[in-house]
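A short worksheet on the structure shown next.
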Amino acid sequence: MSNIVDPLVGRIAARIRAERERRGWTLAQLAEASGVSRAMINRIERGESSPTAVVLGKLSAAFQLSVASLLALAEGTRPESAEEAGARRHTEAPEWQDPATGYRRRQITGAHFPAEVAEIRLPAGARVPYPAAAFAFVRQVVWVLDGRLTFHDGTEIHELGPGDTLELGDPAPRVFANTTGAECRYAVILTRGAKP
C-alpha cells in the first residue's frame with residue numbers, strides 16, 4: 001500500500017465516527033441502519049480495519065451520502081469553507097484502495113464543484129456490489145476510460161468499453177465487475193438528487 005493510502009484509512013475512520021455521532025446514533029443504530037455488524041463498525045472507527053467498498057456503500061447509504069461524498073469528506077476535499085479552484089496535481093490527490101478487491105479511487109473535483117467526479121481503477125477479476133440504497137439520492141454517470149467494465153444494473157447487464165457511458169436511472173442493486181485480465185479505468189460523475 002502506498003504512503004498516500006495509509007493516512008486516508010485513519011481519516012475514513014474519523015469521518016465515519018463523526019457522521020454517526022453527528023446524527024446521535026449508537027454503534028447498534030448504525031449497524032441496524034446499514035446492515036454492517038456493530039463489531040465491524042467499531043473496528044473501522046478505531047482504525048483497526050479498513051472498510052471494503054461494499055461496507056462503505058452500506059454505511060454511506062445509511063448516512064444518506066454517496067460513497068464519493070463520504071470518501072471526499074474523509075479525503076479532506078470538502079472543507080467547510082474556502083472556495084477551491086485552480087490546478088490540483090495528480091500526486092497531491094489522495095487515493096483510497098479497497099483492501100478486499102484492490103479497487104482504487106481518486107477524487108477529481110473539489111468541494112465546491114457542482115458535481116462529484118472520481119477516477120476508479122478496477123483490477124482484473126474484481127467485483128464490487130452496492131445496495132440500491134447507495135443510489136437513492138444521486139444521479140450518476142459511469143464513463144469507461146480504459147479497459148472493459150461489466151455493469152449489473154438490477155437485472156440488466158451492460159458490457160462497456162473505452163468511451164462508453166451509462167447514465168443510471170432509478171435506484172437498483174448494482175455491481176461494478178471487471179471480468180477481463182486487464183485493469184479497467186473509469187470515471188464516476190454524480191450530482192445529488194432528491195433524498196428518498
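The values are calculated or read from the model by the stated rules, or taken from the named source; none is laboratory data. Just so it is clear, the model here is predicted, and its values are computed rather than measured. Positions of Cβ are backbone-derived with ideal geometry, glycine not excepted, and every protein chain shown enters the neighbour counts. All accessible areas refer to the heavy atoms of the entire protein, side chains included, with ligands and DNA or RNA removed. Shrake-Rupley method; radii C 1.70, N 1.55, O 1.52, S 1.80 Å.
Counting only other residues whose beta carbon sits under 11 Å from that of residue 129, what net charge do I get with K and R as +1, D and E as -1? The answer is +3. Over the chain, Cα pairs under 8 Å with separation of 6+ residues give a relative contact order of 20 percent. Using a probe radius of 1.4 angstrom, the carbon and sulfur fraction of the accessible surface of the chain is 51%.
Charged neighbours of residue 33, selected by a Cβ distance under 13 Å, balance to +2 (K, R count +1; D, E count -1).
Considering only the other residues whose Cβ falls under 13 Å of the Cβ of residue 21, what net charge follows from Lys and Arg at +1 and Asp and Glu at -1? So the surrounding residues net to +3.
Would you mind telling me which residue in 45, 156, 95 has the biggest mean-square fluctuation in a Gaussian network model of the chain, where springs connect alpha carbons within a distance under 10 angstrom? Checking each option, the largest mean-square fluctuation is seen for 156.
With the charge dipole of the chain set up from +1 on Lys and Arg Cβ and -1 on Asp and Glu Cβ about the Cα centre, the Cα lying farthest toward the positive end among the listed residues 123, 91, 63 is that of 63. Counted residue by residue at 0.36 nm each, then reduced by the alpha carbon distance between them, the extension gain from residue 182 to residue 165 reaches 4.2 nm. Return the single residue from 121, 185, 88 with maximal mean-square fluctuation; model: Gaussian network over the chain, springs between Cα atoms under 10 Å. Of 121, 185, 88, the Gaussian network model singles out 88 as fluctuating most.
Legend: calculated FRET efficiency, residue 175 to residue 145, from the Cβ-Cβ distance at R0 = 25 Å, rounded to 0.05, equals 0.85. Rounded to the nearest 20 debye, the dipole size of the chain about its Cα centre is 500 debye, using +1 on the Cβ of Lys and Arg and -1 on the Cβ of Asp and Glu. Between the residues 135, 162, 28, the greatest Cα displacement towards the positive end of the dipole of the chain, with unit charges on the Cβ of Lys, Arg, Asp and Glu, is found for 28. In the complete set of protein chains, residue-level accessible area for residue 179 is approximately 110 Å², probe 1.4 angstrom.
To the nearest 0.05, what FRET efficiency results for residue 127 and residue 87 with a Förster distance of 30 Å applied to their C-beta separation? E between residue 127 and residue 87, to the nearest 0.05, is 0.30.
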